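Structure record follows, encoded as structure tokens.
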Amino acid sequence: MRIAMWSGPRNLSTAMMYAFANRADFAAVDEPFYAAYLAATGLIHPMQDEILAAQPTDPAEVVAYLTGPVPGAAPHFYQKHMTHHMFADMPTDWMDNMVNVFLIRHPARVIASYGLKRENPTLDDIGFWQQADLFDHVAEVHGKAIVVDSHDIRDNPEGMLRALCAEIGLEFDSAMLSWPAGGKDCDGVWAPHWYESVWKSTGFAGREGPLPEVPQHLRDVLEAALPHYERLAASALKAA
């Protein structure tokens, strides 16, 4: 099984990668299109030089890796993807042979968290419209698309992970519920900038509190992202 997990930034995505990577039957890769995205767009991100040196910048080379032999000859392959990395010319036909899952989070929480690491995020930065486009592509090809909300996972990690495993035809493994603190072999080179909090974790964080207040100058980003989030949230998987 090859799982392509699609989310925007600041969205429990690294914790989900750690959950699957902690299983003995999974290999994992962290945002394999990041360097290709930076090379194609010319955007400046933290640790840019290190990212461009660490990953292929040719999307075709990335696709060949994702669809080729699973690293370490593991039975399954978990792929953590950022939706905003899939710019207009990025190939998507390879997705048709993946188990695609869409990890969503309320945009107010995403904007508040992202703003702590990179000021003034734009709608393009946080990946909501791109996620909706990819969701539509998968739904058209497969007749449905699987959605999980990070809020539900934090509220009930075991229940939601059991539900997700059942939905995709994978046996649940309790190793997904905890992991050792610190960096992981699957981390991208950018991890020292972004993963400070998750490196301190040994499992999923507890329930989230009330929605944060979004600064006035980012309200337009929130309002533009909300319809995309709400449309996918209507299809979100629930625990039994």
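The values are calculated or read from the model by the stated rules, or taken from the named source; none is laboratory data. Quick caveat, the model's predicted, so the values are computed rather than measured. Virtual Cβ from ideal backbone geometry, glycine too; neighbours counted across all protein chains shown. What goes into the accessible areas is simple: the full protein's heavy atoms, side chains included, and nothing from ligands, DNA or RNA. Shrake-Rupley method; radii C 1.70, N 1.55, O 1.52, S 1.80 Å.
Numbers for the structure displayed
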read-out: Filter result (of a type in the set (Gly, Ala, Ser) and surrounded by fewer than 17 Cβ atoms within 10 Å (Cβ to Cβ)) within segment 139-160; value: ALA139, GLY143, GLY159
read-out: Criterion (part of a helix (DSSP H, G or I), surrounded by 14 or more Cβ atoms within 10 Å (Cβ to Cβ) and in contact with a Pro (Cβ under 9 Å, 6 or more places away or on another chain)) met by exactly one of ALA175, ALA163, ALA132; value: ALA132
read-out: Of residues in segment 195-211 being of a type in the set (Ser, Thr, Tyr) and either open to solvent by less than 30 Å² (accessible area, probe 1.4 Å) or touching a helix residue (DSSP H, G or I) at 6+ places or on another chain (Cβ under 7 Å) (or both), the one modelled with the highest pLDDT; value: SER201
read-out: Condition check for ALA145: touching a residue at least 40 places away in the same chain (Cβ under 8 Å), more than 17 Å from ALA108 (Cα to Cα) and under 19 Å from the mean Cα position of the chain (by Cα); value: yes
read-out: Count of segment 178-207 residues which are in a helix (DSSP H, G or I) and either touching a Pro at 6+ places or on another chain (Cβ under 8 Å) or touching a residue at least 40 places away in the same chain (Cβ under 8 Å) (or both); value: 5
read-out: Helices (runs of 4 or more DSSP H) contained in segment 2-94 and holding at least 2 residues open to solvent by 50 Å² or more (accessible area, probe 1.4 Å); value: 34-41, 48-54, 59-67
read-out: Subset of segment 184-194 (residues that are closer than 12 Å to MET17 by Cα and open to solvent by less than 70 Å² (accessible area, probe 1.4 Å)); value: LYS184, CYS186, ASP187, GLY188
read-out: Test: residue in segment 214-221 that is modelled with pLDDT of 95 or more, at negative phi and under 18 Å from the mean Cα position of the chain (by Cα); value: no
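Conditions tested, residue by residue: (1) in a loop (DSSP other than H, G, I, E, B); (2) without any contact (Cβ under 8 Å) to a residue 60 or more places away in the chain.
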site	(1), (2)
ALA108	no, no
ILE111	no, no
ASP124	no, yes
GLU167	no, no
GLU171	yes, yes
